[in-house]
Amino acid sequence: MKFYIHELGCAKNTDDVNHMKSLLVDHGHLPLVDPEDAEVIIVHTCGFIEAAVSESIEAILDLADYKNKNCKKLIVSGCLSQRYQDSLLKELPEVDLFLGTSYSHRIEQFINKSGSYFDELNFKIRSFKHLASESPYAYLKIAEGCDNHCSYCIIPELRGPMRSKSIDELIKETQDLSRQGVKEIILIAQDLSRYGEDRGEIQILELLEALNEVEGIRWIRLQYVYPDLLDETFFKKMAELPKVLAYLDMPIQHASNKILKRMNRHTTQEDLRRIIHLAREILPDIVLRSTVMVGFPGEKEEDFTTLMSFIKEVAFDKLGAFKYSDEEDAASHRLPNKISEEVKENRFKKVMDLQREISEEKLSHYVGRVMEVIVDEIYDDSWIGRTQGDSPEVDGIVYVSGDGVKLGDILEVRIISSSEYDLMGEINELT
Ligand code: SF4
């Protein structure tokens, strides 16, 4: 059958969609890049906060219109499906099949079924053969699920407890990707730092050593690392392995110890400061990305001031912010002293204004430097790439004038100017 998958949500959903495509192609189905002629449309949803729920439902209703054309089956999979299960059956009669988060890895067995399948969250996570694509980077999901249980988060309820793939499986997946021309692999999970814990022993460093040996891969990036287990050994291993980028996405969520406790985070402000200092001591050029949340129940003005001073003090290279979303099935929903949307919006704006200044100042120091840049998109007389400090879709880009480059080339670029989030450069003729 001709199928189209509409993807929503995070990089972990991107991996699910790649997995589903691979399985369906393996079973003779034909992937389409748009829904126009699709006989089967799959909406792989996100559902962890209200805004994502609305976006997913809107997409489902839009795509349901294609049932008046060639679409014979509309399938809804992913976190929204897992979260709301049977209540969706009544709300969305136009959908033929609802699949929970554990079924996207067996989509080929369910594409001809109808109804709903949600249970078994503790399923074994499986590797898959990635389909060839032009992209010079690929996400590599090393584990599924999470055991951290932050009080505002329902992902453990949507994705189950943490389950890691084996190192051998991940080496094979990475070798496949390298054979297809992928130069950069981005390791993803809910929390990379606990990789292997469910198998009896944390093995993130052993995994990095093994992936560093895979021929053809040039860059290994770490995305979503919970801070509490990060120590000298971890950062020294990052520094030792040439392909592991001096880049770390390490959400901290807040800096007020009172709020961190209410969030059920395993770190205090003092821990975070120590870990950030250690990272910068061992990896002086490390690019640190983080995420914070504003408006958590009970966040007084002084807690927010603590957060702002900490952001100013540590000055992350990249920072994203979320407004607390009061999800009825999250533990934090039962907390008193909810913050108004107006105050949340005001605090969100202040964080993003401060980070824009920090980012602009930090990027201005790159002007005149020669940096490695990977080619992501090519235009007539220019191209767009990323430095080692830029993860796709969430960080900045580099605009480079010139032509004669190929996707995935990693070139030396002289930075000639900078803006709040991006850089401009030219091929470095001097080398
Ligand atoms: S680490 Fe916390 S925020 Fe992240 S997925 Fe796990 S429970 Fe959710």
Practice task
Confirm whether Leu158 is open to solvent by 10 Å² or more (accessible area, probe 1.4 Å), of a type outside the set (D, E, K, R) and out of contact with any strand residue (DSSP E or B) (no Cβ under 8 Å at 6 or more places or on another chain).
Solution key: no
Practice task
Considering each residue of segment 128-148, count those that are over 18 Å from the mean Cα position of the chain (by Cα) and under 17 Å from Asp198 (Cα atoms), and give that number.
Solution key: 0
Practice task
State which residue is nearest to the chain's Cα centre (by Cα) when the search covers only segment 149-167 and only residues that are among the polar types (S, T, N, Q) and more than 11 Å from the ligand (Cβ to nearest atom).
Solution key: Ser164
Problem - Test result for Glu206, more than 16 Å from the ligand (Cβ to nearest atom), in contact (Cβ under 8 Å) with a residue 60 or more places away in the chain, part of a helix (DSSP H, G or I) and out of contact with any Lys or Arg (no Cβ under 6 Å at 6 or more places or on another chain) - result: no
Exercise for the section: Examine segment 366-377 for a residue that is within 30 Å of Asp271 (Cα to Cα) and either open to solvent by 80 Å² or more (accessible area, probe 1.4 Å) or at pLDDT 95 or above (or both), and state whether such a residue exists. Expected result: yes
Practice task
Just give me the residues in segment 131-147 being open to solvent by 10 Å² or more (accessible area, probe 1.4 Å) and part of a loop (DSSP other than H, G, I, E, B), in sequence order.
Solution key: Leu131, Ala132, Ser133, Glu134, Ser135, Cys146, Asp147
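Restricting attention to segment 304-319, which residues are open to solvent by 10 Å² or more (accessible area, probe 1.4 Å) and of a type outside the set (Val, Ile, Thr)?
Listed by number, the residues that qualify are Met308, Ser309, Lys312, Glu313, Ala315, Asp317, Lys318, Leu319.
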Completion exercise
A careful count of residues in segment 248-285 that are part of a loop (DSSP other than H, G, I, E, B), touching an Asp or Glu at 6+ places or on another chain (Cβ under 9 Å) and open to solvent by 10 Å² or more (accessible area, probe 1.4 Å) gives 2
Practice task
Would you be able to tell me the number of residues in segment 173-203 that are assigned to a strand (DSSP E or B) and away from the ligand (no atom under 16 Å from the Cβ)?
Solution key: 3
Completion exercise
Of (1) within 16 Å of the ligand (Cβ to nearest atom); (2) open to solvent by less than 10 Å² (accessible area, probe 1.4 Å); (3) not basic (Lys, Arg), Asp228 fails just (2)
Problem - Meets criteria (more than 26 Å from the chain's Cα centre (by Cα), touching a residue at least 60 places away in the same chain (Cβ under 8 Å) and either under 24 Å from Gly320 (Cα atoms) or outside any helix (DSSP H, G or I) (or both)) for Asn13 - result: no
Problem - All positions within segment 209-228 that are part of a helix (DSSP H, G or I) and in contact with a His (Cβ under 9 Å, 6 or more places away or on another chain) - result: Pro227, Asp228
Problem - Selected residue (only one of Leu170, Leu99, Leu89 is open to solvent by less than 10 Å² (accessible area, probe 1.4 Å), away from the ligand (no atom under 16 Å from the Cβ), in contact (Cβ under 8 Å) with a residue 24 or more places away in the chain and in the same structural domain as Gly28 (by TED's automatic domain parsing)) - result: Leu99
Practice task
With the condition kept exactly as written, say whether any residue in segment 273-284 is within 16 Å of the ligand (Cβ to nearest atom) and among the small types (Gly, Ala, Ser).
Solution key: no
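Pick from segment 242-268 the residues that are within 13 Å of the ligand (Cβ to nearest atom) and aliphatic (A, V, I, L, M): which of them is nearest to Gln388 (Cα to Cα)? Spell out how you get there, then give the answer.
First, pick out the residues of segment 242-268 that are within 13 Å of the ligand (Cβ to nearest atom): 249-254, 260, 263-267.
Adding the requirement that they be aliphatic (A, V, I, L, M) leaves 250, 252, 260, 263.
On the way: Met250: 16, Ile252: 22, Leu260: 30, Met263: 32 Å.
The residue in question is Met250.
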Practice task
Answer yes if at least one residue in segment 18-32 is open to solvent by 70 Å² or more (accessible area, probe 1.4 Å), modelled with pLDDT of 95 or more and more than 20 Å from Ile125 (Cα to Cα), and no otherwise.
Solution key: yes
Handout entry: Residue match in segment 195-202 (condition: within 29 Å of Asp176 (Cβ to Cβ), touching a Leu at 6+ places or on another chain (Cβ under 9 Å) and crowded, with 20+ Cβ neighbours inside 10 Å)
Key = yes
Handout entry: Residue check, Gly47 touching a Cys at 6+ places or on another chain (Cβ under 6 Å) and in a loop (DSSP other than H, G, I, E, B)
Key = yes
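The values are calculated or read from the model by the stated rules, or taken from the named source; none is laboratory data. Just so it is clear, the model here is predicted, and its values are computed rather than measured. With ideal geometry, Cβ positions are generated from the backbone for all residues, glycine too; neighbour counts draw on all protein chains shown. Keep in mind that these areas ignore ligands, DNA and RNA; they rest on the heavy atoms of the full protein, side chains included. Shrake-Rupley method; radii C 1.70, N 1.55, O 1.52, S 1.80 Å.
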